[in-house]
There are 2 protein chains.
Amino acid sequence: MKWVEGGICAPLGFKAGGIHCGIRPNKAKNDLAFIVSDAPCTSAALFTKNAVKAAPVLVNLETVKSRSCRAVFVNSGIANACAPDDLENAYAMRDAGAEALGFRKEEVLVGSTGIIGQRLNIDAVKAGIPVLLKRLEHSAKGSDEAAHAIMTTDKKKKECAVEIELNGKTVRIGGISKGSGMIHPNMGTMLCYITTDCSIDADLLQQMLRDVCNHSFNRISIDGDTSTNDSLIMMANGLAGNETITSKNASYHIMKEALLALCIDLARRMAADGEGAKHLITCEVINAATEEEAERLSKSVVSSSLTKAAVFGNDANWGRVLCALGYSGVQFDYRKVDIRFSSAAGSITVCRRGTGVDFDEELAKRILSEKEVIIQADMKSGEQTAVCWGCDLTYDYVRINGDYRT
Amino acid sequence: MKWVEGGICAPLGFKAGGIHCGIRPNKAKNDLAFIVSDAPCTSAALFTKNAVKAAPVLVNLETVKSRSCRAVFVNSGIANACAPDDLENAYAMRDAGAEALGFRKEEVLVGSTGIIGQRLNIDAVKAGIPVLLKRLEHSAKGSDEAAHAIMTTDKKKKECAVEIELNGKTVRIGGISKGSGMIHPNMGTMLCYITTDCSIDADLLQQMLRDVCNHSFNRISIDGDTSTNDSLIMMANGLAGNETITSKNASYHIMKEALLALCIDLARRMAADGEGAKHLITCEVINAATEEEAERLSKSVVSSSLTKAAVFGNDANWGRVLCALGYSGVQFDYRKVDIRFSSAAGSITVCRRGTGVDFDEELAKRILSEKEVIIQADMKSGEQTAVCWGCDLTYDYVRINGDYRT
């Protein structure tokens with residue numbers, strides 16, 4: 001597997017682009033994007049489990065039943081959730097997109113991200129379509145424009161692509177995403193669109209995407225916070241010419257491993273770019289009794305406000321880590337637990353067998369001053385491991401979220 | 001029922017006091033307290049569900065089996081959790097307290113609150129005992145000193161007392177507490193000590209305390225965060241001379257209602273005094289299908305970092321409230337939900353049937369500028385109600401917790 005340029009346009013036969021259509025007041029910021037496959041696709045999708053589902057999610061839940069979506073039409077600025085005429089506008093957006101592309105309605109998914117409760121300017125969306133169509137490109141530029149168009153409070157665009165060989169054929173996967181877990185739940189949170197030229201059965205693609213999501217996007221930050229708009233969509237157009245994957249054979253596993261690497265990369269970028277974040281926090285729980293317990297323990301640590309605030313303060317406060325492990329719901333003997341902080345600046349054990357040990361506070365401070373901080377908890381209760389990612393809790397998080405609507 | 005002065009010394013036959021024994025560097029801050037009943041007691045207790053239990057909790061779990069505890073011996077400054085010799089020191093503290101009071105070991109509970117991982121200075125505790133014994137008083141002053149001695153980052157002492165009549169006898173209940181839910185989990189969080197001169201069977205007292213706790217302390221803030229030291233202890237010495245409560249009769253219910261009022265009062269004070277808090281947030285969920293669902297919905301709102309940050313910014317961001325209801329795990333039709341913000345400055349509906357409505361932003365800002373802000377969600381799915389309490393997320397929370405150990 002190797003990393004390549006081109007984002008969602010790296011796989012054969014995908015074009016993309018973004019424009020400013022007028023949903024956002026700031027004309028310098030794109031707010032409308034298309035991602036389109038030249039050829040028919042098999043598709044897979046996962047959506048928010050929030051009981052409050054935004055209108056585009058409700059429409060997509062209907063559309064994805066076809067398992068053959070080949071275009072995504074998405075706006076930022078307005079979440080089109082809990083807003084006047086939200087459902088009508090989501091249908092209108094899908095139908096207008098399908099008509100412009102000459103596709104069936106069951107082939108076009110929609111997405112929205114931004115403020116909840118405000119009406120989507122569907123006229124601006126419709127007026128933007130002909131302009132947007134002209135901008136679509138099969139190049140890195142197309143992917144870049146789409147990646148920028150879906151950003152909200154994101155500071156950096158999230159885009160990557162990988163290449164693998166399947167029985168002598170070159171296969172590529174590309175992805176773009178925005179937002180992150182509970183870090184931006186009111187913004188429409190996480191949107192992620194993945195393209196591939198792999199040929200694969202739709203049911204297997206759905207299984208693969210679900211498994212990979214559980215080990216990547218579902219392992220970034222915080223306490224089950226899912227927004228009203230969370231969406232993960234993948235389209236596979238088969239143009240790589242590989243033998244179609246119809247069973248969990250060697251090609252399936254190579255493809256799955258590459259998809260996992262791509263999704264972990266996007267997930268880590270989302271955690272690192274959480275609102276106001278100064279640090280990416282990686283929590284490795286090792287030697288747990290089961291993988292599920294390892295994941296619960298790890299998620300509890302990256303979700304702990306007190307641990308997040310301590311990392312912001314470069315404070316090696318292992319008591320908070322142990323406390324967060326303790327309230328995760330997993331039963332364990334804390335008199336066995338070791339805790340280590342690591343980063344590019346070094347590594348230090350701060351708690352051994354559930355008890356604090358003397359450590360070099362200066363070194364600890366340097367370790368916690370790095371951009372990525374790794375917290376490792378060794379449970380000594382088994383052989384299972386899980387890694388979750390989060391970010392620190394900062395003044396800027398409070399500032400950004402203290403008055404988001406204005 | 002009426003509110004009275006005197007705190008934990010309001011009931012007959014309880015004395016209390018606090019001193020500085022030297023655990024804390026700041027000599028102006030008391031760090032050691034006794035609460036003692038003149039007569040034998042029935043007792044009830046609830047402790048943290050965290051898998052990491054502090055040493056005093058482990059010792060108390062053994063001691064409370066007697067159901068006849070009549071004294072509490074508690075320090076602040078050091079949590080005596082995950083620290084060298086923590087268990088030995090907790091036993092030593094209990095035994096020294098019992099010896100000094102002339103009580104059996106099974107009659108004395110211990111408590112510690114403060115920094116995790118550091119050794120308790122047991123010599124300072126022992127040396128403080130004779131000084132502390134001389135200070136014990138059956139007066140409001142004794143209660144006040146004890147209430148101050150258990151404070152950590154609390155800005156205000158939490159103390160109250162109520163009086164009821166049971167079959168012509170005057171019965172009193174008093175309580176002191178410190179810290180709050182997830183707001184201070186690393187400090188040893190919540191300690192609450194309740195005294196009463198009511199005569200009541202120990203099993204019934206335990207049931208009553210558990211029920212009341214579920215409707216008061218378990219309804220303040222945040223996401224199951226329980227610390228290593230959370231403790232709620234109640235002692236009943238029977239000196240009021242009422243007919244002993246041995247069944248769930250009228251007296252039981254009068255007593256329970258008074259205890260609930262007292263515990264809600266303490267719980268609200270803890271939420272309002274959360275680290276860095278500028279607002280007390282009260283979330284009322286009404287017309288839910290079940291009380292359990294109402295509670296889950298309400299807790300999800302007061303635990304939401306985004307809702308908390310919005311209240312800090314005086315921002316009527318109902319989208320975050322709806323989103324938090326949505327990820328609570330409760331299934332409901334959000335197209336029925338109304339959301340209202342209220343305070344001493346007025347009341348305003350901001351979302352009707354799951355959709356934003358136009359509202360007076362100036363009035364909303366005034367409502368959210370009050371110290372106590374009430375968020376009401378009308379689920380229109382049944383007849384059950386629950387109220388939970390929390391506080392806003394502020395710059396000061398991040399500052400306080402960014403570098404707590406130094």
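With a 10 Å cut-off around each Cβ of A:305-317, the average count of Cβ atoms from other chains is 6.
Computed from phi, the 3J(HN,Hα) profile of the stretch B:276-286 under the Karplus parametrisation 6.51, -1.76, 1.60 (θ = phi - 60°) reads x, 5, 10, 10, 8, 9, 10, 10, 9, 9, 10 Hz, with x in place of Gly and Pro. From the largest down, the protein assembly as shown spans 88, 54, 42 angstrom on the principal axes of its Cα atoms. Helical content of chain A, expressed as a calculated mean residue ellipticity at 222 nm, amounts to -10000 deg cm²/dmol (DSSP H runs of 4 or more residues, -39,500 (n - 2.57) each, divided by residue number, nearest 500). Between copies, the label points at B:A39 (set 7 angstrom from Cα along Cα-to-Cβ) are spaced 8.9 nm, reported in nanometres from shortest to longest.
Between copies, the label points of A:R366, set 7 Å from Cα on the Cα→Cβ line, lie 5.8 nm apart, reported in increasing order to one decimal in nanometres.
The lysines whose alpha-carbon is closer than 20 Å to the alpha-carbon of A:K365, local same-chain residues fewer than 8 away aside, are A:K278, A:K308.
Per-residue Cβ counts within 10 Å, from other chains only, averaged over B:112-118: what number is that? Display every interim value, and only then the final one.
On the way: counts 0, 0, 0, 3, 8, 10, 2.
If you average over the peptide's residues, the count of other-chain Cβ atoms is 3.
Computed from phi, the 3J(HN,Hα) profile of the stretch A:373-388 under the Karplus parametrisation 6.51, -1.76, 1.60 (θ = phi - 60°) reads 10, 10, 9, 10, 10, 9, 7, 6, 10, x, 10, 9, 10, 8, 10, 10 Hz, with x in place of Gly and Pro. Inter-chain neighbour count for A:48-55: the average number of beta-carbon atoms from partner chains within 10 Å of each residue's beta-carbon is 5.
Counting only lysines at least 8 places from A:K29 when in the same chain, those with an alpha carbon closer than 21 Å to its own are A:K15, A:K126, A:K134, A:K141, A:K155, A:K156, A:K157, A:K158, A:K178. State, to one decimal in nm², a quarter of the convex hull surface area for the C-alpha atoms of the stretch B:1-132, i.e. the direction-averaged projected area. The Cα convex hull of the stretch B:1-132, projected and averaged over all directions, gives 8.8 nm². Distances between copies at A:R119, taken between label points 7 Å from Cα along the C-beta direction, are 7.1 nm in increasing order. Annotation for the stretch A:234-262 versus the stretch B:355-406: alpha-carbon center distance of 47 Å.
Over all other residues within a Cβ to Cβ distance under 13 Å of B:K105, the charged ones net out to -1, with Lys and Arg as +1 and Asp and Glu as -1. Here the peptides A:73-85, A:99-111, A:342-354, A:51-63 are ranked by packing, the mean other Cβ count within 10 Å, and the order with the highest first is A:73-85, A:51-63, A:99-111, A:342-354.
Three semi-axes describe the equivalent ellipsoid of the stretch B:2-272; taken as square roots of 5 times the Cα gyration tensor eigenvalues and ordered largest first, they are 27, 20, 17 Å.
Coordinate range of the alpha-carbon atoms in the stretch B:265-388 per principal axis, descending: 35, 33, 22 Å. In this Cβ point-charge picture (+1 for Lys and Arg, -1 for Asp and Glu), chain B has a dipole of about 500 debye about its Cα centre.
With neighbour counts taken as other beta-carbon atoms within 10 Å, the residues A:M270, B:M379 rank, fewest first, as B:M379, A:M270.
A short reminder: the numbers here are calculations on the coordinates, not readings from a lab. If you're wondering where the values come from, they're calculated on a predicted model, not measured in any experiment. Every residue, glycine among them, receives a Cβ derived from its backbone with ideal geometry; neighbour counts consider all protein chains shown.
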